[in-house]
Structures are given as structure tokens and as C-alpha cells.
1. Can you put Y74, Y69, Y60 in order, fewest other beta carbons within 10 Å first?
2. Expressed as a whole number of Å, what is the distance separating the alpha-carbon centroids of the range 49-73 and the range 79-115?
3. Taking the Cβ of S120 as the centre, find all other residues whose Cβ is under 14 Å away and add up their charges (Lys, Arg: +1; Asp, Glu: -1).
4. Cα gyration tensor of the range 61-154, axes a ≥ b ≥ c as square roots of the eigenvalues: rounded (a/c below 1.5), prolate (a/b > b/c) or oblate?
5. Please list, ordered by chain and number, the residues whose modelled amide H lies under 5 Å from the amide H of A32; skip anything fewer than 5 residues away on the same chain.
6. Per residue of the range 174-188, in order, report the coupling 6.51 cos²θ - 1.76 cosθ + 1.60 (Karplus, θ = phi - 60°) as ³J(HN,Hα) in whole Hz, putting x for Gly and Pro.
Amino acid sequence: MSVMFFVAARRARWHAFALAVLIALFTSNAIALDVSGVNVDERTRLANQELVLNGAGIRYAAAGFVRVYVAQLYLPQKRNTSAEIAALKGPKRVTLSLLRDINANELSKGLLGGMRANLSAAEQQKHFDSLLKLGAIFGMIPSLKKGNTITVDLVPGSGMTVNVNGKRVGDVFPDESFFQALLQIWIGPKPIDDSLKPVLLGTVPSNDNSVSNVRDRY
């Protein structure tokens, strides 16, 4: 009887261990994604509030042959259009995880060009000072390396900040509407990358072209 009890106890412990491993694996997969080698959290916290990943995709250049960065958009709740995101209250975050070395000035030109392509003349005039400040912030950064992260945070009541590798660069942007103007680079009517827009809006799961094509990775 004692032998049978011992065997049953061992089996019970083994089943409990196996279940714990499965739960751990499931939980790990549920909270993190791999996008072009970048570990992307499905949830994060900003200003004591939990944000969910709305979408994460790859910014391509050179007709899809060069991977520049992985863009991630975090919101209080998932939304599928630019208008819905603009109307959503609460903190928001955009993270760019670099997949190659980038000249900070070149990145700045690309981002500012993307904003101008999506903003009306009146909107550009409204955000003129913020556009200059954004350019000046990137001017403070001599170079950006593969693996670096750029995070843009919006905290209602405080403003927008730009952080490089977790450290704030430059002053706070007090105009909170500038964050939505910045988002137009990726989700506006003329996005900087057509394949990235639907991924960030959560209407397409991925724009990774390595599934069907061999691409150079940087």
C-alpha cells in the first residue's frame, strides 16, 4: 500500500511540474513577441497605467531590402484607426528599436519629412516650434547604434518626452497634440512605410517579409 502511495505521489508531483512548465511557457509567449529579433512586450506601464501593444512591425527602406527599426505602439486600449487613437484618453507610447546603425540627423530628416507629408499647412504652422525642437533633440545625439531604443511618451497633464535608451533627451513638449501629429509619420494618410501602418493599427498581424523572401538584416 505504501509503495502504491509513493508511486501515486510521484506521479502527482510530476504532473504538477509539467503543468507549471506549460503555464510558464504559455505565459512567456503571451507577454512577449519576437519581431525581427527584437523582444516586444505585449504590455507595459506608463504613468502608473498599463498599456497594451496595439501593433509592432518593421520599418523598411530600399524597397524592402533594408530593415531600419521595429516600431511599437502602446495604448490604454487597442484601436484600429488614427481618429480612434486621437480620441483615446490616457498615456501613449511609441518605441523604435533600431535594427541597424543610423545617423541621427538622417533619422531626424526622415521623421520630420514624414510629418510634413501628413500635416496640412495650418497644422505645420501650429506645430512649428515643436518641429524645430524635435530636430534639435536629434541634433544632440551624435549617432544611433543597432540595438538602441527611442521611446516617445505622452503623459496627459505633463506632455510628451523623447527618450533614448531609457534616458530623456531635451525638454518636455507641453503641446500634447504634437504626439498625434508625430504618429502620422506611421499611421497618417501618407505613411513612411505602407506595410507598417496596418500592423501598428492592429489590422494586420505582421509585415515581416522574411517569410517569403530572403532579405539582408542589419
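Every read-out reported here was derived from the displayed coordinates using simple, explicitly stated rules and does not represent laboratory data. Computed from a prediction, not measured in an experiment: that's the story for all the values here. No Cβ is skipped: glycine too gets one built from the backbone with ideal geometry, and neighbour counts run over all protein chains shown.
1. Numbers: Y74 24, Y69 27, Y60 21.
Least to most surrounded, the residues fall as Y60, Y74, Y69.
2. 9 Å
3. On the way: positive: R116, K126, K190; negative: E123.
My count for the surroundings of S120 gives +2.
4. Details: a/c = 1.65, a/b = 1.21, b/c = 1.36.
Since a/c reaches 1.5 but b/c is at least a/b, the shape of the range 61-154 is classed as oblate.
5. HN-HN under 5 Å from A32: E42.
6. Per residue, the Karplus-derived 3J(HN,Hα) values read x, 7, 5, 5, 5, 4, 5, 5, 5, 4, 4, 3, 9, 10, x Hz.
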